[in-house]
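As structure tokens, the structure follows; a few thoughts come after it.
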Amino acid sequence: MDALPAQPLVSGDQLGQLLRSTRKRLKLNQAAIGTRLNLSQNRVSYLELHPDELSIKQLLTWCSALGLELKLGARGAPAAKPRTTEW
């Protein structure tokens with residue numbers, strides 16, 4: 001499956017949409033992702049609609065379950081170049 005391009009998120013609504021669309025792209029229903037997150041289907045539904053109520057721990061776990069990576073940076077800053085190791 002193709003990797004999603006990085007996208008800036010500046011609102012809770014955008015986060016909820018990203019979590020929902022990624023779950024659907026992976027062909028997971030709310031019950032399936034809930035099992036991975038130890039949450040009920042109802043709670044997954046609620047948090048997709050109210051992502052501002054996610055704890056940092058829940059968000060990181062959710063990202064991991066969907067194969068997403070959370071990166072933080074200054075708004076408008078250019079993306080960091082991947083690190084290379086020289087031997």
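The values are calculated or read from the model by the stated rules, or taken from the named source; none is laboratory data. For clarity, every value in this text was computed on a predicted model and none was experimentally measured. The protein model used for the area step is the full one, side chains on, heavy atoms only, and it has no ligands, DNA or RNA in it. Shrake-Rupley method; radii C 1.70, N 1.55, O 1.52, S 1.80 Å.
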- Note on the structure: accessible surface per residue for the chain, probe 1.4 Å, DNA/RNA/ligands not counted, whole Å² -> 80 Å²
- Message: Probe radius 1.4 Å, ligands and nucleic acids ignored: give me the carbon and sulfur share of the accessible area of region 29-69 as a rounded percent.
- Response: 50 percent
